[in-house]
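Written below as structure tokens is the structure these notes are about.
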Amino acid sequence: MDFITQLLTDPIGFYNSHTLLIANIGINSILAASMFVVLYSGQLSLAAPGFMAIGAYTSVLMELYWRTPLALDIAAGTALASVVALLVGLSVLRLRGVFLAIATIGFIEALRLGVILNLPITGEGLGLQNPKADPLGGVNMVLVALVLVVFLLWRLTKGRLGHAWSAIRQDELAAMSQGIDVARYKMLAFILSAALAAFAGGLEAHLNFFVDPGDAQYGVTRAVQVLTFAVLGGSGNIFGPVVGALFLTTLPEILRFQGFNYRDIVSGVILIAVIIFRPQGIVGRGGLAIIRPRWWPRAQVSAPSPG
Amino acid sequence: MGQQLLNAIFFGSIYALFAVGYTLVFGILDILNLAHSAVFMFGAAITYSLVVNHGQSFWVACVLGVGACAVMGLVIEHVCLRPLRRRRAPPIAALISTIGLALIIVAAIEQGRPGTFFAWLWVDGANSVSFPPAAVPNPTWHVAGLTLEASRIAIIPISIVLMLVLGYVMRYTQVGRGLRAVAENPRAARLMGLNVDRMITLTLVISSALGGVAGILFGVSLGDISPYIGRDNVEVRGLAVIVLGGMGSIPGAVVGGYLLGLIELIALLARGSSARDGIAFAALFLMLVLRPQGLFGAQLREKV
């Protein structure tokens, strides 16, 4: 309970003593936003950790070998991930639903186990040291980046692109018959999602002194975790995934009591309870209907979760 | 080489048995049951615990272990799936609720140490343990330079018999017809007087029991039982297997299991152990890109 007490009574002290947690929330929120983009366009892609790995390794390697500035490192990682996303997308985007999910799992695991763990330059299974990391200063950058990403996606979903994605998610055939270039818009979503994931990966690599090619970092475990953020938060609008990431990243900290060993069990119970009582996500369709006053205008477009 | 081929067949049988349960649920519900790998682990852990901590004989423990997994199937249905069906939730919600259940099962085993709440279930925490040699009958023969352990050899006939029985039930019995009807169209099945909820419950019980059998066989013959065996060994490979064979197809899952064992063997021989998993997943990726319906899958349905 110390956690919540401190948050309420001493926010500045809380910020200073929980920088790592706040940075993690920021990174996870950007990842959830990356997942949101694909879900919003009706694609169940789990490729985010793969692109994250590309972003992280590219930026750290550029830093180590060429000593380029950080902004250029992350930009290069993001650009490389976008190119890879274009190539991967060309081959997998005609798959749908679970098939796309499994194909992207194949991609990330082939990348991690086949390429990263076997190339000498990536340090193989040992990972990479990143002496230039800045865990304390990085957190502000992460938060600014998160705000920018959320604002960008919020504007995008309100615009032409967002409406096209939404139409494709609700009914691909109908969208096509309305003249929407389905393949192109899906590809755009896939690439944007990859770029965001690589961006998050680059930022995360900058926060840690060590790039670890483990399953929890760039493998299926991470992919499932990010999917959980987006679905639990609700993927009808951009705020859902951010709320989901905030909720699920903070939950283990809230449950950290002295001598309490059943954290994961309680997390699992809460996960099931939330998804059963709000299958559309915390900020899903009907959004805040429970606390919304009667005179408040209803949301015009109902946006069901894809899948 | 002969020994490695034998190992490939052995791993293939485990993958096949595990994936049959996975694909059964997917074929009927169109849902990936991500708690299946936790049930796999649960079967192995319960059996170990019954033999070592509760002094049961191995065979009794096996029966009880499979029974416990079947009960876990009931839990999956009643806790994770049925409430969501009632609310007409999107299928992706079921993915999340089964992940939640998997988290709970793994954490319960992980926290089982002497003196804790779960000590009756498991006492070794996150450690990897193996059956004491005296507890499990395991004669070993040496034939033509190959080491044949009964526990590993037994897996092959056990898997094949179980899969044949399942295939027979699905194809020729009243229950199997009911299950296939539900898979085809739940609404029409209900209108024809089938109890759809009961059929789905039955599916999960069968699937989880098969997962438990796979887990026990794995634990006995590999001598590696820990809370993470499901996650590390079969969770993602199970997906690869059902994709190789064709989603929802039982013969496909069987062939896919052996195929994955073979692909891993070839990768191992060609590039060494570090490349084994990478090549298996690259094969999965290629399979989906080139032939998404799998080896035995029907024409891909237009579905989100």
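The values are calculated or read from the model by the stated rules, or taken from the named source; none is laboratory data. Being a predicted model, the structure only gives us computed values, none of them experimental. Glycine gets a Cβ as well: all are built from the backbone with ideal geometry, and neighbour counts include every protein chain shown.
The table below gives the values:
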item	result
Per-region count, segment B:1-22, residues closer than 17 Å to B:Cys69 by Cα and β-branched (Val, Ile, Thr)	2
B:Arg291 being surrounded by fewer than 21 Cβ atoms within 10 Å (Cβ to Cβ), closer than 30 Å to B:Arg180 by Cα, more than 8 Å from every other protein chain (Cβ to nearest Cβ) and modelled with pLDDT under 80	yes
Within segment A:243-253, considering residues that are surrounded by fewer than 17 Cβ atoms within 10 Å (Cβ to Cβ) and out of contact with any Lys or Arg (no Cβ under 7 Å at 6 or more places or on another chain), the one nearest to B:Leu84 (Cα to Cα)	A:Leu251
Matching residues in segment B:111-130 - criterion: being buried (at least 21 other Cβ atoms within 10 Å of the Cβ) and within 13 Å of another protein chain (Cβ to nearest Cβ)	B:Gln111, B:Gly112
Wholly enclosed helices (runs of 4 or more DSSP H) of segment B:1-94 bearing at least 1 residues away from chain A (no Cβ under 14 Å)	B:2-29, B:36-52, B:58-75
Pair list, Cβ < 7 Å and 6+ apart or interchain, from segment A:57-84 residues that are of a type in the set (Val, Ile, Thr) to residues that are not in a helix (DSSP H, G or I)	A:Val60/A:Leu128; A:Val60/A:Asn130; A:Val60/A:Val211
In segment A:44-100, residue nearest to A:Thr221 (Cα to Cα) [restricted to those that are surrounded by 23 or more Cβ atoms within 10 Å (Cβ to Cβ) and of a type in the set (Phe, Trp, Tyr)]	A:Phe51
Restricting segment B:219-233 to residues that are more than 14 Å from chain A (Cβ to nearest Cβ) and not in a helix (DSSP H, G or I), the residue that is nearest to B:Ala135 (Cα to Cα)	B:Gly223
Members of segment A:117-135 that are over 12 Å from A:Ala205 (Cβ atoms), hydrophobic (A, V, I, L, M, F, W, C) and more than 9 Å from chain B (Cβ to nearest Cβ)	A:Leu119, A:Ile121, A:Leu126
Residue among B:Ser151, B:Ser130, B:Ser207 that is of a type in the set (S, T, N, Q) and under 17 Å from the mean Cα position of the chain (by Cα)	B:Ser207
Qualifying residues in segment A:271-283 (those that are at the interface with another protein chain (Cβ under 8 Å from one of its Cβ atoms) and aliphatic (A, V, I, L, M)) - the one nearest to A:Lys158 (Cα to Cα)	A:Ile275
Unique residue being closer than 20 Å to A:Ala33 by Cβ and not aromatic (Phe, Trp, Tyr) when the list is A:Ile116, A:Ile108, A:Ile180	A:Ile108
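This table checks each residue for (1) within 9 Å of another protein chain (Cβ to nearest Cβ); (2) in a loop (DSSP other than H, G, I, E, B).
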site	(1), (2)
B:Glu235	yes, no
B:Leu239	yes, no
B:Leu244	no, no
B:Gly248	no, yes
B:Gly256	no, no
B:Ile263	no, no
B:Leu268	no, no
B:Ala275	yes, no
